[in-house]
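The values are calculated or read from the model by the stated rules, or taken from the named source; none is laboratory data. Values in this document were obtained by computation on a predicted structure and should not be read as measured data. Every residue, glycine as well, gets a Cβ built from its backbone with ideal geometry; the counts of neighbours run over all protein chains shown. For accessibility, only protein heavy atoms count, side chains too; no ligands or nucleic acids. Shrake-Rupley method; radii C 1.70, N 1.55, O 1.52, S 1.80 Å.
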Amino acid sequence: MKVKVIQQVTEMLMNRLPTADYQLAWMDEKASYPKTLFAERSMVDWIETQDPTKSDGLVVQHVSFPQLAAIAQLLTTDQKTASILSFLFAGKPVLVLQTETANHSSQMKYHLKKKVSELSEQCQRYGMYFFEEENASYDSFLTACRKKVLAKELPKRKYVTEKQLIQRLQQTNGIDLMNQERLTPLAEEYALRNRLFK
C-alpha cells in the first residue's frame, strides 16, 4: 500500500518537473566527461545516441589531430569522425571539450601551428565548437542547438489567374483561396475592380 502511494507521488512530481530545454547526445564513456558538465547544466537532457535526428547537438570529450584533419576534409576515418560528420551534415552543432592540438601548441613550428589553426577554423565553419572559455563557447553552442534546420522543400505556391478566378466566381458566389494559393496581379486587379474583397 505504502509503495503504491510513494510511486504515485513520485510519478506526479516527475510530471510536474519542467522538461529539458536541450537534448544533447554524448559519445565516449560518461565517466570521461567532467562531472560539472552534467551537474551544472540541469536544463539539458543527456542521451546516448549517434542519431542526429534525436538530439539538438553532440558533445564529444576528445578529438585528436588526425580526427580533426579528417573532419576538416569531410573524411570518415573511424566511428567518432563518422558520428561527428553525420551531426554536422544534419545541421546540428558539435561541442568538443578537449583537442589534442591545444595541449601541444607551444612545441609546434610556426607553419604547423598555422595549419592546425586553419583546420580548426574550417571545422568551426562546419558547426564545431571548441570548449576553450567556459561560458563563451558553451553558450554559443547551446544557441546553435536552438537553431532549427529549414525544411528541405518549402510549400509550393499556386497562382490563380484572372481566367481561373472568373471560372470560380461562376461556379460559386465567393472566392475561397487555399493557404498556398495567391492571385496573379491581373486577377487581383479584377477582384479589386469588381469589389470581391471586403
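Computed quantities for the displayed model
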quantity: Helices (runs of 4 or more DSSP H) contained entirely in region 14-99, each with at least 2 residues that are modelled with pLDDT of 80 or more and of a type in the set (Ser, Thr, Tyr); calculated: 79-89
quantity: Qualifying positions in region 176-188 - loosely packed, with under 12 Cβ neighbours inside 10 Å and not in a helix (DSSP H, G or I); calculated: Asp176, Met178, Asn179, Gln180
quantity: Odd one out for Asn173 among (1) in a loop (DSSP other than H, G, I, E, B); (2) modelled with pLDDT of 75 or more; (3) of a type in the set (S, T, N, Q); calculated: (2)
quantity: Residue that is within 24 Å of Arg146 (Cβ to Cβ) and polar (S, T, N, Q), where the choices are Gln61, Gln98, Gln79; calculated: Gln61
quantity: Test: Phe130 is touching a Pro at 6+ places or on another chain (Cβ under 9 Å), open to solvent by less than 60 Å² (accessible area, probe 1.4 Å), at pLDDT 70 or above and not β-branched (Val, Ile, Thr); calculated: no
quantity: Members of region 78-120 that are loosely packed, with under 15 Cβ neighbours inside 10 Å and either at positive phi or β-branched (Val, Ile, Thr) (or both); calculated: Gly91
quantity: Region 149-170: number of residues that are open to solvent by less than 100 Å² (accessible area, probe 1.4 Å) and modelled with pLDDT under 70; calculated: 3
